[in-house]
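These notes are about the structure you will find just below.
Just so it is clear, none of the values below were taken in a lab; they were calculated from the coordinates. For clarity, every value in this text was computed on a predicted model and none was experimentally measured. Cβ placement follows ideal geometry from the backbone for every residue including glycine, while neighbour counts extend to all protein chains displayed.
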Amino acid sequence: MMRWLFLLVLMALPAWAEEEVVLGLSHDRVSITADFNGSEILIFGAIKRETKIPEGPPLQVIVSLAGPSREETVRRKERRFGIWVNTESVVVDAAPSFYAVATSAPWREAITQTEDLRYRVSIPRAIRSVGAPMSVMNAQAFSDAIIRIRKENGLYQLLENTVAVDQQTLFRTSIKMPANLTEGAYEARIFLTREGRVINQFDTVIDVQKVGLERWLYGLSRSNPMAYGLLSLTIAILAGWGASTAFRMLRNG
Amino acid sequence: MQIFLPIAEVSVNLFLLLGAGTLVGVLSGMFGVGGGFLITPLLFFMGISPAVAVATGANQIVASSFSGLLAHLRRKTVDLQMGVVLLIGGLVGAALGVMLFNYLRSLGQVDLLVRLCYVVFLGIIGTLMFVESLNAIRNTRKGRKAKRHKHNWIHGLPLKMRFRTSGLYISVIPPILVGLAVGVLAAVMGVGGGFIMVPAMIYLLGMPTKVVIGTSLFQIIFVTAFTTMLHAVTNQTVDMPLAVLLLLGGVVGAQIGTVIGLRMKAEQLRILLALLVMLVCAKLGLELVLQPNELFSIAGIGGA
């Protein structure tokens with residue numbers, strides 16, 4: 001209760017607080033099952049206001065969805081003795097495992113650079129890197145590499161012009177999450193902007209979790225690796241024994 | 001149909017996995033090899049990280065070797081004494097191998113280590129097999145017989161022991177060293193190591209051919225089981241569903257392969273296998289030598 005109150009107070013802070021987000025989600029939980037093949041989340045909502053729609057440039061909506069952040073080691077290959085070998089590495093302090101940002105207008109119209117800096121909305125801003133060793137030249141290239149690699153895997157997405165806004169009141173967008181997701185709490189943020197300035201922000205969380213057998217196996221492999229290893233071996237030996245018995249019976253009629 | 005692998009954390013096509021398992025099973029049935037050296041590179045090509053591929057490969061070999069060993073035990077073609085001596089070396093080797101693996105993992109070089117091992121060993125074995133089977137074909141055409149081995153330096157070493165089933169009286173040092181080498185390979189490459197051990201047993205130790213396969217299977221099961229445990233405990237990289245799926249395909253494939261194998265001549269089979277081994281080697285080798293599309297990589301599961 002207190003948290004919600006606090007959030008409400010926070011939301012009341014921006015200058016044009018008379019416009020607020022009322023949000024809906026197609027589902028607030030993504031379950032990674034054995035046949036998980038990605039998920040599509042529909043994010044929709046309305047803009048609540050007491051007064052009539054202000055004059056001037058139209059309202060824009062930005063929706064971002066961020067997976068759990070963690071430290072990542074990025075390595076660069078170089079040619080040594082004729083083969084390509086990992087040489088330099090940089091630890092990037094925090095990079096989200098998944099990051100999608102959808103806007104209702106071209107990026108430059110949706111948000112200004114200073115606002116992007118403050119709210120960390122764009123993909124490069126979502127990654128934090130401070131501790132690159134001095135010996136590494138061009139540490140920026142390593143952060144860029146994370147973005148490039150994850151964009152290719154569909155883990156980082158910049159979706160310009162994909163939020164539909166009707167009459168400056170209703171908005172909706174859908175974000176496709178690929179199959180190779182990391183577990184955790186995914187933070188969804190919705191920003192309302194006018195002339196590139198953020199006037200309201202709304203946050204919510206989508207839980208991404210392995211369920212069923214997947215969850216159990218993963219949990220066991222971490223919490224009791226000895227038992228997990230023995231179970232793997234038992235299954236393997238039973239399968240080997242079962243197969244040989246089955247085929248012997250088959251051959252003997 | 002996609003299936004999500006909980007440890008590898010990738011989604012792979014179910015039929016692709018079953019197909020790969022079956023294909024390797026057919027080959028292992030045809031050629032009488034464990035197939036670990038084909039499974040692990042196939043998993044690389046599917047985008048599974050080397051750390052998971054190696055650990056899971058070891059687990060899968062336990063299953064495929066176990067059914068083989070049962071058959072050999074029934075036929076009494078296992079030299080248990082020799083097996084135990086090889087095993088002692090193997091367990092030490094596997095522990096050393098996993099230590100090496102984990103050390104290089106912390107440096108970010110495990111991917112390179114695994115691939116280099118594959119290129120080197122597949123290259124050597126493939127070429128040797130190819131040359132040997134070409135010679136064998138030429139010799140059978142001319143009607144000559146292969147020479148039998150004679151006494152060599154092995155027989156001058158101390159710590160001799162009598163191996164009844166094999167009819168040998170030799171030092172335990174060479175079998176322990178052979179076991180050690182195979183153990184290291186099992187841990188680093190996720191293979192059983194039969195392709196090294198079988199020639200070593202025949203040519204180096206002079207064991208009779210009929211007990212070689214059974215004895216090597218005996219050693220392989222324990223060494224790969226030990227390796228699986230070590231990887232599961234230290235790296236948590238054994239993917240059980242992946243192992244089970246590969247195994248299902250492998251079990252069926254092996255039976256098909258055995259039938260095909262019986263209809264072909266041994267030399268032709270070996271030339272085919274040699275070509276296949278060289279092909280996998282060339283593909284892995286090219287990936288090391290050619291400039292990759294993406295020079296950067298993010299350390300993934302198991303740090304690879």
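Taking each residue as 0.36 nm, the span from A:Q113 to A:N224 lengthens on full extension beyond its C-alpha to C-alpha distance by 35.2 nm.
Partner shielding of A:239-251 amounts to 6, given as the average count of beta-carbon atoms from other chains within 10 Å of each residue beta-carbon. Working from label points 7 Å from Cα in the Cα-to-Cβ sense, the A:D166 to A:Q140 distance is 4.3 nm. The ranking of A:I199, B:I202 from fewest to most other beta carbons within 10 Å of each one's beta carbon is B:I202, A:I199.
The fewest-to-most ranking of B:Y103, A:Y156 by surrounding Cβ atoms within 10 Å reads B:Y103, A:Y156.
Beyond 21 Å in Cα-Cα separation lie the following of the pairs A:K151/A:K210; A:K77/A:K176; A:K176/A:K210: A:K151/A:K210; A:K77/A:K176. Does region B:1-139 come out rounded, prolate or oblate, given a ≥ b ≥ c as the square roots of the eigenvalues of its C-alpha gyration tensor, rounded meaning a/c under 1.5 and, failing that, prolate meaning a/b above b/c? It is rounded, given that a/c, with a ≥ b ≥ c, falls under 1.5. Counts of other chain beta carbons within 10 angstrom of each beta carbon in peptide A:77-87 average 5. Per-residue ellipticity at 222 nm computed for chain A from its helices equals -9500 deg cm²/dmol, with DSSP H segments shorter than 4 residues left out and the rest contributing -39,500 (n - 2.57). Computed from the C-alpha gyration tensor, the three semi-axes of the ellipsoid equivalent to region A:212-253 are 31, 11, 4 Å, from longest to shortest. Here's the list of aspartates and glutamates a cross-link from B:K160 could span, going by alpha-carbon distance under 19 Å and ignoring same-chain residues fewer than 8 apart: B:D79. Computed from Cα atoms, the angle from the helix B:209-234 axis to the main principal axis of chain B rounds to 30 degrees. Compared with the dominant principal axis of the Cα atoms in chain B, helix B:14-31 is inclined by about 10°. Fully extending the segment from A:T51 to A:T182, taken as 0.36 nm per residue of separation minus the present Cα-Cα distance, adds 42.9 nm. Summary of the geometry: region B:158-178 and region B:188-245, compared by the centres of their Cα atoms, lie 20 Å apart. Ordering A:S104, B:S216, A:S89 from the fewest to the most neighbouring beta carbons within 10 Å gives A:S89, A:S104, B:S216.
Listed values for region A:170-182 are Karplus-derived 3J(HN,Hα) couplings in whole Hz (6.51 cos²θ - 1.76 cosθ + 1.60, θ = phi - 60°), namely 10, 9, 7, 7, 10, 10, 8, 9, x, 6, 8, 8, 8, and x replaces Gly and Pro.
Once the Cα atoms are used to define both axes, helix A:212-223 deviates from the longest principal axis of chain A by about 80 degrees.
For the residues of B:240-250, the average number of beta carbons from a partner chain within 10 Å of their own beta carbon is 3. Once you divide the Cα radius of gyration of chain A by 2.2 N^0.38 Å, the number left is 1.33.
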